[in-house]
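Single-structure report; data block below.
Just so you know, all these numbers are worked out from the coordinates, no wet-lab data involved. The model shown is predicted, which means the values in this text are computed figures rather than measured ones. Quick reminder, even Gly has a Cβ in these numbers, built from the backbone with ideal geometry, and neighbours come from all protein chains shown.
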Amino acid sequence: MTDHDLPILWTFRRCPYAMRARLAIKRSGILVYLREILLKDKPAEFVKDSEKATVPVLKLPDGKILEESVEIMLWALKQNDPDDWCQVLDAEAEYSKLFLTELDGAFKDALDRYKYASRYGLNGDEVLGYRSIGSAFLQRVNERLDKHPFVSGQRQGFLDIASLPFVRQFRIADPIWFDNQNWDPLHEWLQQFLESEQFAVIMQKFKPWDSQKGDGISF
Ligand SMILES: N[C@@H](CCC(=O)N[C@@H](CS)C(=O)NCC(=O)O)C(=O)O
């Protein structure tokens, strides 16, 4: 099989954007060549494919480049969506749009500042301010999970997959504090995901791609 037979997924194991792309690709059953990279040592081939140079990036066999994780999720699920993950995007279009905008906007912004405070040169009070902004979003997620088992409704769907990797990261910043929050439905939702086979599969460890060694790993 040559380099061009399958799409190429440039990815980084711990990146939450890359995680959600891998989750959707896996569920769709579409095969790709996975190319794990190190963000601190990006291969020239990756930067050539995408000047933006953020993961995930999907390169299609016709050369088309997708460099937004949500776009990659939709690309995969539009072809095969066995569990109707996209259903919520139609059934609750307005809610979904607002949820994804806030998740990738204000929540992610607060998450980065909370988790990587020193990179942003923030003092303790500022960090707590960002934690509060993130918590306000999670509080609303928790309220929704109090009413339905999943953010997407009765079954896991697009909004769950899009958000769970980021909620996981928010927890990692201070697990003791996180676990002490009065968010039982949210804790259960996250825990179930972290213990799932779907998560284990996309968190397998792969060595960084080596241009000498060909296409990448079939994933
Ligand atoms: N909007 C993009 C964001 C992707 C993104 O920012 N990924 C981070 C890693 S989590 C990245 O590649 N950063 C570039 C770097 O660290 O050099 C998406 O949804 O795919």
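If R0 equals 35 Å, the separation of the Cβ atoms of residue 106 and residue 44 corresponds to a calculated FRET efficiency of about 0.50. A Cβ-based charge dipole, computed about the Cα centre of region 87-199 with Lys and Arg at +1 and Asp and Glu at -1, lands at about 220 debye.
Given in Å, the Rg to one decimal and the Dmax to the nearest whole number for the Cα atoms of the chain are 17.8, 55.
The chymotrypsin sites (Phe, Trp or Tyr not before Pro) of region 84-160 that meet both conditions, a loop assignment by DSSP and at most 14 other Cβ atoms within 10 Å of the site Cβ, are 116, 120.
So which residue, out of 76, 173, 24, gets the largest mean-square fluctuation from a GNM of the chain using Cα contacts under 10 Å as springs? Highest fluctuation among the options: 173. Working note: 222 nm ellipticity from helices only, DSSP H runs with n ≥ 4, each -39,500 (n - 2.57), summed and divided by the residues of the chain, gives -15500 deg cm²/dmol to the nearest 500. In this simple spin-label approximation, residue 53 and residue 177 carry label points 7 Å from Cα along the Cα→Cβ vector, and these lie 3.2 nm apart. Candidates 177, 199, 139 compared by Cα position along the dipole of region 87-199: farthest toward the positive end lies 177, with charges placed on Cβ. Shown here for region 129-219: GluC sites (Glu not before Pro) in loop regions (DSSP other than H, G, I, E, B) with at most 16 other Cβ atoms within 10 Å, namely 195. For region 127-210, run through the trypsin sites (Lys or Arg not before Pro) and keep only the ones in DSSP coil with at most 12 other Cβ atoms within 10 Å of their Cβ. Within region 127-210, the qualifying trypsin sites (Lys or Arg not before Pro) (loop, at most 12 other Cβ atoms within 10 Å) are 205. Rounded to the nearest 20, the size of the Cβ-charge dipole of the chain about its Cα centre is 560 debye, with Lys and Arg at +1 and Asp and Glu at -1. Dividing the radius of gyration of the alpha carbons in region 29-143 by their Kirkwood radius gives 1.04 for Rg/Rh. Separation of the alpha carbons by more than 19 angstrom is noted, of 40/205; 42/115; 59/205, for 42/115; 59/205.
Bridgeable aspartates and glutamates around residue 207 (alpha carbons under 18 Å apart, same-chain partners fewer than 8 residues away excluded): 36, 41, 45, 215. Phi-derived couplings, Karplus 6.51 cos²θ - 1.76 cosθ + 1.60 at θ = phi - 60°, listed residue by residue for region 53-59: 6, 10, 9, x, 10, 10, 10 Hz, with x used for Gly and Pro. When the inverse distances between all different Cα atoms of region 87-199 are averaged and flipped, the Kirkwood radius reads 14.5 angstrom. Which FRET efficiency, nearest 0.05, do residue 211 and residue 155 yield, Cβ-Cβ r, R0 30 Å? The calculated FRET efficiency here is 0.15. Per-residue extension of 0.36 nm, minus the Cα-Cα distance of residue 204 and residue 116, leaves a gain of 29.2 nm for this segment. Each label point was placed 7 Å from the Cα along the Cα-to-Cβ direction; for residue 196 and residue 78 their separation is 2.3 nm.
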